[in-house]
1. Which value, in Å³ per residue, describes the convex hull spanned by the Cα atoms of the chain?
2. Report, to the nearest 10°, how far helix 3-28 tilts away from the longest principal axis of the Cα atoms in the chain, using its own Cα long axis and a range of 0 to 90°.
3. Treating only the Cβ atoms of Lys and Arg (+1) and Asp and Glu (-1) as charged, compute the dipole magnitude of the chain about its Cα centre; round to the nearest 20 debye.
4. At 7 Å along the Cα-to-beta-carbon direction for both T69 and N18, put a label point, then send me their distance in nm to one decimal.
Amino acid sequence: MDIYTNYRNFKDFLQLYNQMTDTCFGKCVDNLYSRQLEPNELSCIEDCASKFIKFNSKIMTTFVEVQNTIVQRRMKDMEEQLKMEK
């Protein structure tokens, strides 16, 4: 991988992390007067983060499957076009 790809992957990871943090914090943290999370807040954060990670994993799996289908279709179309040109 080149440096640009690594940079883009890291940037995507940070965006996902920030979105997850913002969403789960807003949904789960009720008490801003304590530095420690309450047990119910901690449980909510763990559930929220777990759902976010599983959801992202499912999206990535589906994306890879769809991309493979698209690439195969394009290759087939290109092969057919080459046959027609001959």
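Since every read-out is calculated from the coordinates, none of them should be taken as a lab result. Remember, it's a predicted structure, so these values are computed and weren't measured experimentally. Cβ coordinates were reconstructed from backbone atoms using ideal geometry, including for glycine residues, and neighbour counts include every protein chain displayed.
1. 124 Å³
2. 40 degrees
3. 320 debye
4. Here the modelled spin labels are 3.3 nm apart.
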